[in-house]
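So the structure is just underneath, and the comments pick up after that.
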Amino acid sequence: MTNTIDYTEFWSNDPAVLGKFLQDVFGWYVDPPHTEYMHFRYQEAEKPTAGGIHNGGGKLPEHGTRTQVYINVANLDETIEKVNTHGGKIIYGPYDIGDGTLIINFTAPEGTPIGAWSHPEK
């Protein structure tokens, strides 16, 4: 399955901006912005949620927004285009980890680091 990760919590300086970015790039469903926490799902009716976006009540942990996950995507080139179109920034890649799997690291518009990878067809 593509465009999915396991439950992950993003710590963000601006959860509303990050939530919109995840909707625009990956088509995820994000709860309306709350003061401290928003849930996201890959599909509208999916339960339980896939993860959350937390601002720590305005108190980010010492590592700040440094949460890293890798999202499995069908087409890395299309993902790169969407990241750039929706205000993200490619930090590194794409690069091959040795088995044909390509990886990129990027940031969302408000600075949250995210990774994506695409596995070769078998």
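The numbers here are math on the coordinates, done by the rules we state, and not lab data. Keep in mind that this is a model prediction, so the values were computed, not measured. So basically every Cβ, Gly included, is an ideal-geometry build from the backbone, and we count neighbours across all protein chains shown.
Against the empirical curve 2.2 N^0.38 Å, the C-alpha radius of gyration of the range 73-122 lands at a ratio of 1.11.
To make sure I understand, if each residue's beta carbon is the centre and we count other beta carbons within 10 Å, what order do D99, D14 fall in, fewest to most?
D99, D14
Between E121 and R41, full extension at 0.36 nm per residue minus the direct alpha carbon distance yields a gain of 26.2 nm.
On full extension, the segment bounded by H86 and V69 gains 4.2 nm, given 0.36 nm per residue less the C-alpha separation.
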